[in-house]
Each structure stands twice: as structure tokens, then as C-alpha cells.
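Let me begin by presenting the structure, written as C-alpha cells, before commenting on it.
The values are calculated or read from the model by the stated rules, or taken from the named source; none is laboratory data. What you see is a predicted model; the values in this text were computed from it and never measured. So basically every Cβ, Gly included, is an ideal-geometry build from the backbone, and we count neighbours across all protein chains shown.
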Amino acid sequence: MKLRHFIIFSLFSAFLHSQDLAILKYKGGGDWYSNPTALPNLIKFCNANIDTKINDKPETVEAGSVDIFRFPLLHMTGHGNVLFDDDEAENLRNYLKSGGFLHIDDNYGMQPYVITALKQVFPNKELKELPTSHPIFSTAFVFKDGLPKIHEHDGKRPQAFGLYHDQRLVVLFTFESDLGDGWEDPEVHNDPEDIRLKALKMGANIVKYAFEN
């Protein structure tokens, strides 16, 4: 067994028993580091409300690193360009096919770049909108109308798109919702508490779904 494959197998074996998540760092110039208080707040909410035991300080991992195999859930956000080279695309593809889950939350402006980047990862797959009946909208908290609207940008309705591998949802792309802004500290965007709570509850649904599927 090649050393890299052995390392990946060892990390994957560890992630099968892990309940942690990480921020995905990508190339292209997009601000992958935006919303710095978002994930810590979501983790705190999940640990308090859905019985998770997630490390309260999320790590950052690069798309081409074997470290992504340590985490059952990767979170990705930003406003601009996303670029995966061939090695990064292959690494992400292997991660997702091995049981990993990627949540991409459009902080505004990511959509065309995300579509192109995901084509590098899965050339023969396309994002498809999830129906409101999808279990990700009811794993912990019920959203009968699907993805909630947290921030207005272009006045469009919020949409949740997915990519599947072997009938398993492996990528979730949340668009025109901006969940991450709702997870941020209250003073960052001054969102009403009920809006922040919707964002956190939907985030908890994503975490629970990713950990259990």
C-alpha cells in the first residue's frame, strides 16, 4: 500500500468515529475565511441542542490535503472565485466518495465559480435542487418550506442544491440564504434573534444529516 493511501485510510478510519468539522480553504482568490464567528457559534448551538460533542475551535484544511479525511463534514463559504487544481479535485472526489460531506454556503457571488469547480470534482454530475421533503430539512428541526431566507441579496428565493454519489447526498450548496451570516455573532449583522435562530437550526440540521448519513 502506497504511503499516501495508507495515511488516507488511517485518517478515514479515524473520521468514522469523529464528530468534528473543518473550514475548507480553497484557491482562486475567494475569501474562504469570511464569517469567522459563524462556525464556532454553530458548533456551540449544536453541542447544546442536538447532543453533538464537536471541538469548539474548528480547524482549517486545504482542499488538496489528506487532513480532510479526518472530518466527516467540511464547510466552505466566501464571495468570489473558487479554483481546484487536478490534485485537489481528485482529493475532494475521493473524500466525498469515501463518506465525507461538503457544505458550501454562498456568502454572495460564489454560484458561477462553485458550479465550475464542482465540475472538476464530478465532471458527470450536476447540482439539483432538493425538494422540501428532503430529510435534511427535518433531521432535528422542521423546515416545511425548505431552506430559510436569512439575508436578502438579489431578492431571489433561497435554494438548496445537492450532488449525489451512489444515491447519497455528498455536496450541499445553499444559495440565496446566507446561513453563515445568521450564525455570526449578533452584533456583526444585527439580525433579529428569530432570524439567527432559523439559521442556527438549519445549520444543526446540516450537521446532524452529515454525521448520520
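Wholly within the stretch 162-213, which helices (runs of 4 or more DSSP H) include no fewer than the required count, namely at least 2 residues that are free of Cβ contacts under 8 Å to residues at least 12 places away in the same chain?
Working: elements: 179-183, 186-189, 193-212.
Hits in the stretch 162-213: 186-189, 193-212.
For the stretch 97-112, state whether one or more residues are free of Cβ contacts under 8 Å to residues at least 40 places away in the same chain, touching a helix residue (DSSP H, G or I) at 6+ places or on another chain (Cβ under 9 Å) and either buried (at least 22 other Cβ atoms within 10 Å of the Cβ) or not polar (S, T, N, Q) (or both).
No, that holds for no residue.
Report, by residue number, each residue of the stretch 18-75 that is polar (S, T, N, Q) and outside any helix (DSSP H, G or I).
SER18, GLN19, SER34, ASN35, THR37, THR52, ASN55, THR60, SER65
Which pairs do you get when a residue that is under 20 Å from ASN91 (Cα atoms), found in the stretch 55-69, comes within reach of a residue that is small (Gly, Ala, Ser) and in a loop (DSSP other than H, G, I, E, B), reach meaning Cβ atoms under 8 angstrom, with the pair 6+ apart or on two chains?
ILE68/GLY100; PHE69/SER98; PHE69/GLY100
Yes or no: the stretch 102-109 includes at least one residue that is under 16 Å from ILE23 (Cβ atoms) and either assigned to a helix (DSSP H, G or I) or of a type in the set (Phe, Trp, Tyr) (or both).
Checked against the condition, which is being under 16 Å from ILE23 (Cβ atoms) and either assigned to a helix (DSSP H, G or I) or of a type in the set (Phe, Trp, Tyr) (or both), the stretch 102-109 yields no hits at all.
Exactly one of (1) among the charged types (D, E, K, R); (2) more than 26 Å from GLU212 (Cβ to Cβ); (3) touching a Lys or Arg at 6+ places or on another chain (Cβ under 9 Å) is unmet by ASP56. Its number?
It fails just one condition, (2).
Being touching a helix residue (DSSP H, G or I) at 6+ places or on another chain (Cβ under 6 Å), touching a residue at least 40 places away in the same chain (Cβ under 8 Å) and under 24 Å from LYS27 (Cα atoms), is that true of even one residue in the stretch 143-154?
no
Has the stretch 82-94 got any residue that is closer than 18 Å to TRP183 by Cα and either at pLDDT below 95 or among the basic types (Lys, Arg) (or both)?
Narrowing the stretch 82-94 to residues closer than 18 Å to TRP183 by Cα: none.
No; the residues of the stretch 82-94 include none that is closer than 18 Å to TRP183 by Cα and either at pLDDT below 95 or among the basic types (Lys, Arg) (or both).
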